[in-house]
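What follows is a single structure, written as structure tokens, with notes after it.
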Amino acid sequence: QAQLVESGGGLVQPGGSLRLSCAASGFTFDLYTIGWFRQAPGKEREGLSCISSVDESTEYADSVKGRFTISRDNAKKTVYLQMDNLTAEDTAVYLCAADRFRRCILWVFSGDYWGQGTQVTVSS
């Protein structure tokens with residue numbers, strides 16, 4: 001029943017921007033920390049960012065720090081990932097996940113629920 005659905009992916013030129021959305025349903029959204037991850041062919045899944053369910057504190061991976069911004073809207077049960085200054089290295093499937101641990105600690109984020117992902121392709 002619990003679902004996370006990503007949207008907003010697509011093709012963008014290097015240096016461009018995209019805003020991803022993660023819409024949640026079937027669970028108590030405001031009690032879960034939400035994280036964004038990505039996976040490219042031949043590479044391990046990489047944790048990018050998370051946002052706490054308690055105080056909306058955030059954490060970012062070094063690879064996206066300063067370029068990506070995570071936010072959440074509990075009323076809409078949606079989390080966003082604003083991605084700026086994209087490069088070809090950002091090409092991947094982007095997934096969101098929900099974790100019942102109330103704090104955002106990216107390295108221990110496991111995820112109780114996962115979305116299917118949305119493709120982001122950065123290319124000229």
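Things worth noting here:
- Glu89 open to solvent by 50 Å² or more (accessible area, probe 1.4 Å) and in contact with a Lys or Arg (Cβ under 9 Å, 6 or more places away or on another chain): no
- The range 13-33: number of residues that are in a loop (DSSP other than H, G, I, E, B) and farther than 21 Å from Ser123 by Cα: 4
- Taken over the range 95-120, the residue count meeting the criterion of being closer than 17 Å to Pro14 by Cα and surrounded by 14 or more Cβ atoms within 10 Å (Cβ to Cβ) is 1.
- Of the strands (runs of 3 or more DSSP E) that lie entirely inside the range 34-99, those containing 3 or more residues that are over 21 Å from Val5 (Cβ atoms) span 58-60.
- Sole residue being more than 11 Å from the chain's Cα centre (by Cα), surrounded by 13 or more Cβ atoms within 10 Å (Cβ to Cβ) and under 23 Å from Lys76 (Cα atoms), chosen from Leu48, Leu18: Leu18
- Which listed residue is touching a Phe, Trp or Tyr at 6+ places or on another chain (Cβ under 9 Å), open to solvent by 20 Å² or more (accessible area, probe 1.4 Å) and over 22 Å from Gln119 (Cβ atoms), from Tyr60, Tyr32: Tyr32
The values are calculated or read from the model by the stated rules, or taken from the named source; none is laboratory data. The structure displayed is predicted, hence computed values, not measured ones. No Cβ is skipped: glycine too gets one built from the backbone with ideal geometry, and neighbour counts run over all protein chains shown. Remember, those area values only see protein heavy atoms, side chains included, never the ligands or the DNA or RNA. Shrake-Rupley method; radii C 1.70, N 1.55, O 1.52, S 1.80 Å.
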